[in-house]
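The values are calculated or read from the model by the stated rules, or taken from the named source; none is laboratory data. Just so you know, these numbers come straight off a predicted model, no measurement behind them. Please note: Cβ atoms are built from the backbone with ideal geometry, for glycine as well, and neighbour counts cover all protein chains shown. Ligands, DNA and RNA are stripped out before the accessible areas are found, and what is left, the full protein with its side chains, is counted by its heavy atoms. Shrake-Rupley method; radii C 1.70, N 1.55, O 1.52, S 1.80 Å.
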Amino acid sequence: MAKRIAVVPGDGIGKEVIPAALSVVEATGAKLDIQHFDWSADRYLRDGTTMPDGGFDMLERDFDAIFVGALGDPRVPTNVHAKDILLGMRFKMDLYANVRPVKCFDDGLCPLKGVKAEEIDFTVIRENTEGAYVDVGGVFKQGTADEIAVNEDVNTRKGVERVVRYAFEYARRHGKKKVLMSDKSNVMTYAHGLWQRVFKAVAAEYPEIAASHMYVDALCMQMVREPRQFEVIVTNNMFGDIVTDIAAALQGGLGMAASGNIHPGAGRTCMFEPVHGSAPPMAGKDVANPMGAILTAAMMLDHLGMSEEARRMERAVAAAVKAKKTTGDIGGTLGTKECARAVAGLL
C-alpha cells in the first residue's frame with residue numbers, strides 16, 4: 001500500500017524546494033499518497049489559522065510521515081504560525097530526536113583546508129522537546145532599569161535517557177563505533193550533571209561502542225579542526241541547534257542539510273524538514289538550493305522502509321554535485337526547478 005504523506009510547504013522558499021523534492025521522489029517510483037496542507041503565513045494572514053483544531057491528532061491518525069518546508073514570514077513579526085506549527089509538531093507529537101546527517105558530497109563543498117569530502121560523514125542527534133526551548137520563564141519589571149528576564153533550561157531524566165539511548169541504537173543500527181555526548185556540565189552543574197550521569201549509565205549497556213564526552217565549546221572547535229573523528233554526536237536542544245549549523249557549513253551550507261524529527265515508537269508519525277529558513281529575499285526567484293529538501297525526502301523514504309529509493313536519491317544528488325548540475329550557492333548555474341530535474345534525470 002502507498003504510504004500516506006502530509007506535505008506542508010510553508011513559507012518563502014519552502015514553496016519552491018518542497019515541490020522540487022517531490023518531483024525527484026516521484027521519479028523514483030516510490031508509492032506515496034500525498035496530501036498538501038496550506039498551513040503558512042498566507043493562511044494565518046487570511047483567516048488567523050495557525051494549526052487547525054485537531055490538526056496534530058489528524059496527522060498522527062491519518063499519515064505515515066510529514067514533509068515540511070520552511071516556516072517564517074516578515075509579515076508575521078511574531079512568527080506565531082511557525083511556532084504553533086513547527087514546534088507544535090515537535091512537542092505535541094513528542095518527536096524527541098532531531099536527526100541531522102552530515103555528509104559532504106564533493107571536495108569543493110568542504111571549506112576546511114586539508115579535509116576531503118569522504119572525511120565529513122557523521123550524524124548529530126539533538127534532543128528535541130526539552131531544554132531552553134520549552135518556553136518556561138518570564139519577565140519582571142519589564143521596561144524598567146530593574147528588568148529581569150529568565151528562561152529555564154528544563155531537562156528530565158526520561159527525556160535525556162531516551163535521546164541518549166536513541167543515539168546508541170542509531171550507532172548500532174548504522175554500524176557506527178563511536179558516540180560522543182556534548183554538554184556544559186562544568187558550568188551548568190545541575191542540568192548537565194544529569195546528562196553526565198545518564199550518558200554513563202546508558203553507555204555501559206553498549207560496550208561495543210566507544211563513549212566519549214566534550215564540552216560544547218571544545219566540540220565546536222574540533223568540528224572545524226578535525227571533523228573526521230566524529231561518528232555520532234548527541235547533545236541537548238540548544239547546543240544541537242548551534243552545532244548543526246556548523247556541521248551544515250562542512251557539507252556545503254544549509255542548502256545541503258537534511259533532518260528528521262523522530263519518535264522511534266511503532267506506528268508513530270515522524271516529521272521531516274530541510275533545515276534552512278524561509279529566506280524571504282530569495283523567495284519566488286527560482287534560486288533556492290533544493291538539495292537539502294531532496295535529501296530530507298530521501299531520509300523520509302528510508303524511514304518508511306523504501307531504502308533502495310532513498311539510496312538512489314542520495315547517489316543522484318552526489319552525481320549532480322560532482323557534475324555541477326546545481327544552484328549557484330554550491331557552484332552551479334541552475335535554478336531550483338532545473339536542478340531538481342537534473343537530479344531526477346540522474347536517477
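Quick notes
- Restricting the range 307-332 to residues that are open to solvent by less than 10 Å² (accessible area, probe 1.4 Å) and among the small types (Gly, Ala, Ser), the residue that is nearest to ARG173 (Cα to Cα): ALA310
- Just one residue in the set GLU127, GLU226 is under 21 Å from ASN98 (Cβ atoms) and either crowded, with 19+ Cβ neighbours inside 10 Å or modelled with pLDDT of 95 or more (or both); that residue is GLU127.
- In the range 55-102, residue nearest to THR156 (Cα to Cα) [restricted to those that are outside any helix (DSSP H, G or I) and aromatic (Phe, Trp, Tyr)]: TYR96
- Pairs where the first residue, in the range 56-68, is under 12 Å from HIS36 (Cβ atoms) and the second is open to solvent by 10 Å² or more (accessible area, probe 1.4 Å) and part of a helix (DSSP H, G or I), C-beta under 8 Å, 6+ apart: PHE67/LEU22; VAL68/LEU86
- The residues in the range 51-79 that are open to solvent by 10 Å² or more (accessible area, probe 1.4 Å), at pLDDT 95 or above and of a type in the set (Val, Ile, Thr) can be counted, and the count is 0.
- The residue that is most open to solvent (accessible area, probe 1.4 Å), among those in the range 192-212 that are over 24 Å from the mean Cα position of the chain (by Cα) and farther than 14 Å from PHE168 by Cα, is ARG197.
- Residue within the range 162-177 that is touching a residue at least 24 places away in the same chain (Cβ under 8 Å), open to solvent by 10 Å² or more (accessible area, probe 1.4 Å), part of a helix (DSSP H, G or I) and of a type in the set (Asp, Glu) present: yes
- Pair list, Cβ < 9 Å and 6+ apart or interchain, from the range 136-151 residues that are free of Cβ contacts under 8 Å to residues at least 60 places away in the same chain to residues that are open to solvent by 80 Å² or more (accessible area, probe 1.4 Å) and basic (Lys, Arg): GLU147/LYS141; ILE148/LYS141
- Annotation: of all residues in the range 279-294 being touching a residue at least 40 places away in the same chain (Cβ under 8 Å) and either surrounded by fewer than 24 Cβ atoms within 10 Å (Cβ to Cβ) or among the acidic types (Asp, Glu) (or both), the one that is nearest to ALA258 (Cα to Cα) is ALA279.
- Taking the criterion of being within 16 Å of GLU130 (Cβ to Cβ) and either free of Cβ contacts under 8 Å to residues at least 12 places away in the same chain or buried (at least 20 other Cβ atoms within 10 Å of the Cβ) (or both), the residues of the range 91-118 that qualify are MET93, LEU95, TYR96, ALA97, ASN98.
- Meets criteria (touching a residue at least 12 places away in the same chain (Cβ under 8 Å), more than 17 Å from ILE13 (Cα to Cα) and open to solvent by less than 70 Å² (accessible area, probe 1.4 Å)) for ALA340: no
- Candidate set: the range 265-311, residues that are at pLDDT below 95 and touching a helix residue (DSSP H, G or I) at 6+ places or on another chain (Cβ under 7 Å); chosen: the one farthest from PRO77 (Cα to Cα): VAL275
- Restricted to the range 23-50, and to residues there that are among the aromatic types (Phe, Trp, Tyr) and under 22 Å from the mean Cα position of the chain (by Cα), the residue that is least open to solvent (accessible area, probe 1.4 Å) is TRP39.
- Scanning the range 189-248 for residues that are among the polar types (S, T, N, Q) and farther than 30 Å from LYS116 by Cα yields THR189, GLN196.
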